Amino acid sequence: MSVTSNTDQYGIQHVMISGRFDFSCHRDFRAAIATLNKASKVVVDFGTTTYIDSAALGMLLLLRDYMGDVRSIRLANCKGQPDQVLRIANFHRLFGYDSTA
Amino acid sequence: MTAPPEPTEGNGTLRGLVLSVGADDASFVRIRETLQKLGADIARVEDVPAALNYMCAQPPSLLLVGAALSNDCELALLHKLRDDSLLRQVPVMCQRPRTEDDPLLNDLDSLPPHCYLSSAFDSVVLLSVVRGALVGNPSHAPPVASGASRFELLREARFTFRTLLEAQELAVELSRVCPEPSRAELGLVELMINAVEHGNLEISYEHKSMLCWNGGWRAEIARRLQLAPYASREVSVRFLRDRDTLRFEISDEGPGFAWHKFLDFDPDRSLDPNGRGIALARNVAFTRLRYREPGNVVVAEIALEPRQ
């Protein structure tokens with residue numbers, strides 16, 4: 001797994017998670033969260049995420065808690081296994097959600 | 001090892017997975033933009049160990065090796081692939097400027113059989129090689145894990161493990177016997193990790209929540225794995241196959257837990273950072289899941305389609 005982030009020209013922060021997003025990613029994801037500006041919107045991009053587990057769901061809730069305002073977070077490009085898991089866990093209702101499935 | 005779905009073509013797009021290793025951020029953006037034209041999925045890892053781990057779990061249709069890897073690392077990776085009977089079938093494209101004394105150019109005979117060298121990023125070359133890998137050329141088709149057929153012969157087995165990493169690795173292996181490996185892997189990982197952290201290590205739900213919030217979860221797992229009485233405990237997994245069912249019986253050496261309330265997603269716990277693993281396993285992976293009192297044995301079953 002790798003977590004990379006950048007801010008686009010509109011000030012929206014993009015967090016891209018490549019590969020597996022699972023229990024082994026706690027440290028990297030928490031480090032990525034800590035760099036985010038709470039005043040700006042965040043898009044978590046699942047376009048290159050191949051697998052997530054329940055620990056990943058927990059990490060998204062850590063992000064939600066950190067940002068304070070759920071309206072500032074969108075889960076984007078969800079497809080395949082990640083899309084399936086996020087929907088079964090009702091995360092498409094807890095966050096802004098953008099599926100490409 | 002899990003084989004990816006066969007690449008398919010339709011409506012001008014190709015389906016398949018391209019893995020990128022050793023690409024810097026700018027290169028990866030260009031690669032992703034280029035491959036989006038084909039509709040291929042792309043994943044990214046940073047280094048050689050991560051690439052090998054990824055490929056063992058999910059062999060891609062093509063591996064792209066970028067210039068952020070040193071020459072030595074690139075060569076070491078290619079030798080690893082060459083020496084693996086399954087991974088050597090994965091086409092590899094290496095993109096970097098080369099000089100005449102590049103060790104790879106002096107070692108061409110030792111490369112994997114489907115290895116392409118490009119001296120610089122060229123989107124046209126990249127597109128043509130990726131398309132060739134995805135379009136279904138039999139020699140470039142993603143490798144099929146022959147292990148799957150071997151595992152079909154397995155009727156009964158027993159495994160033991162202690163750590164989260166062992167749980168994950170065993171789940172990947174066991175999922176290969178299942179009709180839908182990626183679903184089974186998720187379910188098995190969830191149940192096996194539960195058996196370690198909540199079973200053998202006796203970390204309560206509330207304690208796990210607190211550890212998730214404060215970032216101390218992995219450290220607490222590592223600490224308890226060294227601590228009596230937890231250090232000597234093992235999780236046991238018994239696998240049984242009969243005509244119409246795969247059964248996984250996962251037993252830990254803890255005192256059990258109140259499992260009933262975790263079988264379904266609970267709206268009252270919807271914002272907790274933990275507590276979804278069992279419900280996820282039950283909904284995604286298994287036909288049937290039940291605990292035996294006092295909750296330190298879980299039996300998960302997958303129904304098999306009748307044989308033709």
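The values are calculated or read from the model by the stated rules, or taken from the named source; none is laboratory data. Just so it is clear, the model here is predicted, and its values are computed rather than measured. Every residue, glycine among them, receives a Cβ derived from its backbone with ideal geometry; neighbour counts consider all protein chains shown. The area values use the complete protein model at the heavy-atom level, side chains included, leaving out ligands, DNA and RNA. Shrake-Rupley method; radii C 1.70, N 1.55, O 1.52, S 1.80 Å.
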**Prompt:** Taking into account only those residues within the range A:1-58 that are among the small types (Gly, Ala, Ser) and more than 11 Å from chain B (Cβ to nearest Cβ), which is surrounded by the most Cβ atoms within 10 Å (Cβ to Cβ)?
**Reply:** A:ALA32
**Item:** Considering residues of the range B:11-45 that are hydroxyl-bearing (Ser, Thr, Tyr) and under 25 Å from B:ARG98 (Cα atoms) only, the residue surrounded by the most Cβ atoms within 10 Å (Cβ to Cβ)
**Value:** B:SER20
**Complete:** (1) surrounded by 23 or more Cβ atoms within 10 Å (Cβ to Cβ); (2) more than 14 Å from every other protein chain (Cβ to nearest Cβ) all hold for A:CYS78 apart from (2)
**Request:** Please determine, by comparing only the residues of the range A:73-96 that are assigned to a helix (DSSP H, G or I) and among the hydrophobic types (A, V, I, L, M, F, W, C), which one is modelled with the lowest pLDDT.
**Result:** A:LEU94
**Complete:** Of the conditions (1) within 12 Å of chain A (Cβ to nearest Cβ); (2) in contact (Cβ under 8 Å) with a residue 12 or more places away in the chain, the single one that B:LEU225 does not satisfy is (1)
**Complete:** Filtering the range B:46-62 for residues that are touching a residue at least 24 places away in the same chain (Cβ under 8 Å) and either open to solvent by 10 Å² or more (accessible area, probe 1.4 Å) or out of contact with any helix residue (DSSP H, G or I) (no Cβ under 7 Å at 6 or more places or on another chain) (or both) leaves a count of 10
**Message:** So if I check each of B:ASP47, B:ASP107, which one is at pLDDT below 85 and out of contact with any strand residue (DSSP E or B) (no Cβ under 6 Å at 6 or more places or on another chain)?
**Reply:** B:ASP107
**Request:** Please state which of the following conditions A:LEU61 fails to meet, knowing it meets all the rest: (1) farther than 25 Å from A:ASP8 by Cα; (2) open to solvent by less than 50 Å² (accessible area, probe 1.4 Å).
**Result:** (1)
**Message:** Being more than 11 Å from every other protein chain (Cβ to nearest Cβ) and either in a loop (DSSP other than H, G, I, E, B) or aliphatic (A, V, I, L, M) (or both) is the filter here; which residues of the range B:193-211 pass it?
**Reply:** B:ALA195, B:LEU201, B:GLU202, B:ILE203, B:SER204, B:MET210
**Request:** Working carefully through the options B:ARG233, B:ARG238, B:ARG292, B:ARG247, find the one that is open to solvent by 70 Å² or more (accessible area, probe 1.4 Å), more than 14 Å from chain A (Cβ to nearest Cβ) and in contact (Cβ under 8 Å) with a residue 24 or more places away in the chain.
**Result:** B:ARG238
